[in-house]
Amino acid sequence: MAVQSKFLAVGSLVAWAEADVGAIATQALINPEYGPDGLALLRSGCSASEALKRLTAADALPERRQAGIVDAHGGSASHTGSGCQPFAGGRTGSSHAAQGNMLVSETTVEAMASTFERSSGDALAERLLAAIAAAQAAGGDRRGQQSAALLVVERRGGYGGLTDTVVDLRVDDHDRPIQELARLYELHRMYFGMTPADEWLLVDGQLAAELRDRLAGAGYAGELATAFERWAGTENLENRFDGIERIDPVVLAHLRART
């Protein structure tokens with residue numbers, strides 16, 4: 001899920017997701033209960049459409065709520081209450097729901113959805129970032145910008161394969177939150193991304209000598225594998241280290257830039 005709004009720390013309230021269950025955005029007059037309650041409904045077997053119907057039916061103010069849900073099977077649903085401030089509306093498709101309120105025009109939602117649909121070959125986080133960037137370029141929130149968030153989950157797809165949270169980045173207060181979110185995502189990719197194994201470089205004698213010199217210059221002298229592992233851990237690149245026989249080119253570039 002990705003979101004941007006003229007609202008402080010929007011990601012803390014709008015974005016909810018659980019691996020192998022689904023994702024929920026609660027918007028307009030936010031009802032934070034839609035997050036955990038909606039995920040519980042999806043977990044129990046409800047489709048996105050059925051979960052959204054139950055959430056709005058149990059809500060005292062459904063006309064002032066907006067929400068989007070995507071379930072683990074690709075089903076999607078969007079609700080925009082009649083009391084949401086214009087322009088307010090949504091669009092759904094296979095495996096996605098796009099909606100917004102207090103927008104310049106409906107073009108914002110259309111740009112968000114169509115951009116996501118066209119970017120099917122890219123990483124999910126990148127597709128989401130592109131979608132909200134396109135929405136902003138098409139007008140965005142008529143009040144301006146303030147905060148943005150990006151949330152991606154996958155079973156055991158996060159840090160070290162020990163968490164389901166792949167990406168969880170937030171820009172709580174910024175003049176250009178989408179650009180700042182994209183910058184943070186690039187840092188996330190560097191620190192926590194995975195370069196395909198066939199793209200790692202063989203550490204031959206010449207490269208090993210370079211690594212020793214650079215590491216020693218940075219204060220990490222001694223046996224190469226130990227020194228390299230210590231340096232990688234200090235730089236928060238431990239997930240990109242796997243012995244000294246081969247090296248991730250991202251790590252090598254970072255070492256060269258640092259030393």
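The values are calculated or read from the model by the stated rules, or taken from the named source; none is laboratory data. Remember, it's a predicted structure, so these values are computed and weren't measured experimentally. With ideal geometry, Cβ positions are generated from the backbone for all residues, glycine too; neighbour counts draw on all protein chains shown.
Tell me which residues, restricted to segment 128-160, are surrounded by 21 or more Cβ atoms within 10 Å (Cβ to Cβ) and not in a helix (DSSP H, G or I).
Scanning segment 128-160 gives Gly140, Ser147, Ala148, Ala149, Leu150, Leu151, Val152, Val153.
Mind checking which residues of segment 124-178 are under 25 Å from Ser95 (Cα atoms), out of contact with any strand residue (DSSP E or B) (no Cβ under 8 Å at 6 or more places or on another chain) and at pLDDT below 95?
Residue satisfying the conditions is Gly161 alone.
Report whether or not Gly93 is of a type outside the set (Asp, Glu), within 23 Å of the chain's Cα centre (by Cα) and crowded, with 18+ Cβ neighbours inside 10 Å.
Numbers: of a type outside the set (Asp, Glu): yes; within 23 Å of the chain's Cα centre (by Cα): yes; crowded, with 18+ Cβ neighbours inside 10 Å: no.
No; evaluated as a whole, the condition is false for this residue.
Can you go through Gly233, Gly243 and tell me which one is of a type outside the set (A, V, I, L, M), free of Cβ contacts under 8 Å to residues at least 24 places away in the same chain, part of a loop (DSSP other than H, G, I, E, B) and not assigned by TED's automatic domain parsing to the domain that holds Ala123? Break it down stepwise before answering.
On the way: Gly233 fails: part of a loop (DSSP other than H, G, I, E, B).
Unique residue meeting the criteria: Gly243.
Against the definition (surrounded by 12 or more Cβ atoms within 10 Å (Cβ to Cβ), of a type in the set (A, V, I, L, M, F, W, C) and either at pLDDT 95 or above or under 26 Å from the mean Cα position of the chain (by Cα) (or both)), how does Leu202 come out, yes or no? Talk me through it step by step, then tell me what you get.
On the way: surrounded by 12 or more Cβ atoms within 10 Å (Cβ to Cβ): no; of a type in the set (A, V, I, L, M, F, W, C): yes; either at pLDDT 95 or above or under 26 Å from the mean Cα position of the chain (by Cα) (or both): yes.
For Leu202, the condition - surrounded by 12 or more Cβ atoms within 10 Å (Cβ to Cβ), of a type in the set (A, V, I, L, M, F, W, C) and either at pLDDT 95 or above or under 26 Å from the mean Cα position of the chain (by Cα) (or both) - is not met.
Considering (1) surrounded by 12 or more Cβ atoms within 10 Å (Cβ to Cβ); (2) more than 30 Å from Ala134 (Cβ to Cβ), say which one Tyr185 fails and leave the rest.
(2)
Specify the residue that is nearest to Ala232 (Cα to Cα); the eligible residues are those in segment 198-217 that are part of a loop (DSSP other than H, G, I, E, B) and of a type outside the set (Val, Ile, Thr). Step through it out loud before you land on a result.
Pass one, segment 198-217, residues part of a loop (DSSP other than H, G, I, E, B): 200, 203-204.
Remaining after also requiring of a type outside the set (Val, Ile, Thr): 200, 204.
Numbers: Trp200: 16, Asp204: 19 Å.
Checking each candidate, the answer is Trp200.
Return the total of residues in segment 185-232 being among the small types (Gly, Ala, Ser) and out of contact with any helix residue (DSSP H, G or I) (no Cβ under 9 Å at 6 or more places or on another chain). It would help to see each step written out before you state the result.
Just the residues of segment 185-232 that are among the small types (Gly, Ala, Ser), to begin with: 193, 197, 205, 208-209, 216-219, 221-222, 225, 227, 232.
Okay, now just the ones that are also out of contact with any helix residue (DSSP H, G or I) (no Cβ under 9 Å at 6 or more places or on another chain), so 197, 205, 209, 217, 225.
Adding up the residues that qualify gives 5.
Considering Leu39, Leu61, Leu8, which residue is of a type outside the set (Val, Ile, Thr) and surrounded by 17 or more Cβ atoms within 10 Å (Cβ to Cβ)? Give the derivation first.
Details: Leu61 fails: surrounded by 17 or more Cβ atoms within 10 Å (Cβ to Cβ); Leu8 fails: surrounded by 17 or more Cβ atoms within 10 Å (Cβ to Cβ).
Every option except Leu39 fails the conditions.
Return yes or no: is Leu252 assigned to a helix (DSSP H, G or I), over 18 Å from Arg189 (Cα atoms), hydrophobic (A, V, I, L, M, F, W, C) and without any contact (Cβ under 8 Å) to a residue 60 or more places away in the chain?
Numbers: assigned to a helix (DSSP H, G or I): yes; over 18 Å from Arg189 (Cα atoms): no; hydrophobic (A, V, I, L, M, F, W, C): yes; without any contact (Cβ under 8 Å) to a residue 60 or more places away in the chain: yes.
No; evaluated as a whole, the condition is false for this residue.
Can you tell me which residues in segment 136-157 are in contact (Cβ under 8 Å) with a residue 40 or more places away in the chain and within 13 Å of Lys6 (Cβ to Cβ)?
If the condition is that a residue be in contact (Cβ under 8 Å) with a residue 40 or more places away in the chain and within 13 Å of Lys6 (Cβ to Cβ), then Gln136, Gly140, Asp141, Arg142, Arg143, Gly144, Gln145, Gln146, Ser147, Ala148 are the ones that fit.
Please list, ordered by first then second residue, the pairs with beta carbon atoms under 6 Å, 6 or more apart or interchain, first in segment 58-71 and hydrophobic (A, V, I, L, M, F, W, C), second in a strand (DSSP E or B).
The qualifying pairs are Ala67/Thr26; Ala67/His79; Ile69/Ile24; Ile69/Ala77; Val70/Gly22; Val70/Ala23; Val70/Ser76; Val70/Ala97.
Among Leu150, Leu211, Leu169, which is farther than 19 Å from Ala9 by Cα and not charged (D, E, K, R)?
Values: Leu150 fails: farther than 19 Å from Ala9 by Cα; Leu169 fails: farther than 19 Å from Ala9 by Cα.
Going through Leu150, Leu211, Leu169 in turn, the sole match is Leu211.
Whether any residue in segment 35-43 is more than 22 Å from the chain's Cα centre (by Cα) and modelled with pLDDT of 95 or more is what I want to check. I'd like the intermediate steps shown before the answer.
Taking segment 35-43 first, the residues more than 22 Å from the chain's Cα centre (by Cα) are 41.
Narrowing the set further to residues that are modelled with pLDDT of 95 or more leaves 41.
Checked against the condition, which is being more than 22 Å from the chain's Cα centre (by Cα) and modelled with pLDDT of 95 or more, segment 35-43 yields at least one hit.
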